[in-house]
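Since the structure comes first, as structure tokens, the remarks are kept for the end.
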Amino acid sequence: MLYHLYEMQHAAVAPMRFIADHGQHALRNPFNPLSYTVGGRLWAAAFDVFEHATRRYGKPRFDLDETMIDGVPVPIEERIVLRKTFGQLKHFERQTEPRHDPTLLIVAPMSGHYATLLRGTVEAMLPDHEVYITDWRDARNVPLFEGNFDLDDYIDYLIDFLHFLGPNTHVMAVCQPSVPVLAATALMATNNDPCAPASTTLMGGPIDTRESPTEVNLFAKSHGIDWFDKHVITRVPLPNAGFMRQVYPGFLQLAGFLSMNLDRHIDAHWQMFLHLVSGDDESADAKRDFYEEYRSVMDLTAEFYLQTIETVFHRHALPKGEMVSRGRKVEPKAITRTALMTVEGERDDISGVGQTRAAHKLCSALPTEMRDHWEVPGVGHYGIFNGRRWRNEIAPRIKSFIRAHDAEKLA
């Protein structure tokens, strides 16, 4: 019912959005005398912001056409190298002579946003790595007959991806996947799997949400699984391919993110309005680009969402040593050959300080020289993997860590 109400609301607003879209173009037409007036600019800006805020956004493109290697532009070709039901492995293939750069698997979060949220992450790592990324599929587009997908499936997918990429692959997990990445690494270490990662970098992840709990953690902890099942799980309506599949809708996840910092988002849209009125298109476009990505959301399967809530936020199964995946005990202390780096933001309001660092305590058998931790001062959750601080400070340190533990370099 919830999903149907959302669809009805979107349909009801469609005529107003149509009027606003045509209105802004008419008021900006150079042949329209109103376009040269203050009132015309005000109305055009208002129409623009309204249309932008009420539009539905699909899956964005990475649009990473080239990278710079040793000062030379190198074309990039995006290729899907492995397809699975609920996700695919994408390679950003650099069209250059063979290089001996480390292979890096970036594991994108399955938390409502598409993998393109990590566009800046990928872009910064491309000059020095063979970059692959997990490109998760929107659950509302997966027909029921194709089966379910839960946290155990997520872990199995990661192991399959690592087997496909082969030995000496490095892994970077951003936020949510920190738990399944550490679990997959531990399971592979227990089995002495030769394809276990050479290094794992966990960034702003909820390894132990008992450390410095945030609003997100407290909310999840204070509501039982039955509450989440009743209030946020719904079925996909027609005409979507995933009709009748139970999901946690992306629009609910987005609403939750927006409500956490509502004042900041309102101010950002007000600033966008002012930029449009003043003719500062560059600043307005920067905010527009950010929110077009931010509002592009996908549905999660109900079983994945509920199992994650229970395992990570309620039972704290991984830090307590109680996590089991398909009958396999997850034991991070078995990790002895995978170097571990953790990165946290001092101002992270999603995964509090100490939650990601907890991975070091769990990986008790790992030598000191194979560890690194960095709490980045003055950086929030998004800034850990995107933006100026990411490009200029965080990415270079991660690159150095990966190089230091790359088997080809050590050979």
One finds the C-alpha centres of the range 29-88 and the range 110-128 to be spaced, in Å, by 16 Å
Quick check: from the Cα gyration tensor, does the range 27-172 come out rounded (a/c under 1.5), prolate or oblate?
oblate
Take the alpha-carbon centre of the range 198-220, take the same for the range 332-411, and report the distance between them in whole Å.
13 Å
Computed label-point distance, nm, for sites GLN9 and GLU146 using a 7 Å Cα→Cβ extension:
2.7 nm
What distance in nm separates the two pseudo spin-label positions at ARG55 and ALA268, each 7 Å out from Cα along the beta-carbon direction?
1.6 nm
What fraction of the DSSP beta bridges in the chain is antiparallel, stated in percent and rounded to the nearest 5?
50 percent
So how much slack lies between LEU34 and ILE69, counting 0.36 nm per residue of separation and subtracting their Cα-Cα distance, in nm?
7.7 nm
With -39,500 (n - 2.57) per DSSP H segment of 4 or more residues and division by the full residue count of the chain, the 222 nm estimate, nearest 500 deg cm²/dmol, is -12000 deg cm²/dmol
Between PHE219 and LEU258, what is the FRET efficiency for a Förster distance of 22 Å, r being their Cβ-Cβ separation, to the nearest 0.05?
0.95
Which links in LYS59/LYS84; LYS59/LYS287; LYS59/LYS399; LYS90/LYS320; LYS59/LYS230 stretch past 23 Å when you go from one Cα to the other?
LYS59/LYS399; LYS90/LYS320; LYS59/LYS230
Which loop chymotrypsin sites (Phe, Trp or Tyr not before Pro) in the range 216-314, with loop taken from DSSP, have no more than 15 other Cβ atoms within 10 angstrom of their Cβ?
PHE243
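Would you mind calculating the gained length between ARG99 and ALA286 on full extension (0.36 nm times residue separation, minus the Cα-Cα distance), in nm to one decimal?
Gain in length upon complete extension: 63.9 nm.
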Could you list the chymotrypsin sites (Phe, Trp or Tyr not before Pro) in the range 24-73 that lie in coil according to DSSP, counting only those with at most 16 other Cβ atoms within 10 Å of their Cβ?
PHE31, TYR57
By how many degrees, between 0 and 90 and to the nearest 10, does the Cα long axis of helix 2-28 differ from the longest principal axis of the chain?
50 degrees
Env charge @ ALA365, Cβ radius under 14 Å, K,R +1 / D,E -1, value +2
Between helix 38-54 and the chain, what is the angle of the helix's C-alpha long axis to the longest principal axis, kept within 0 to 90° and rounded to the nearest 10?
40 degrees
So for CYS175, CYS195, CYS363, fewest C-beta neighbours within 10 Å to most, what's the order?
CYS195, CYS363, CYS175
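FYI, it's all coordinate maths here, none of it is from the lab. None of the values given here were measured: they were computed from a predicted structure. Using ideal geometry, Cβ is built from the backbone for each residue, glycine included, and neighbour counts are taken over all protein chains shown.
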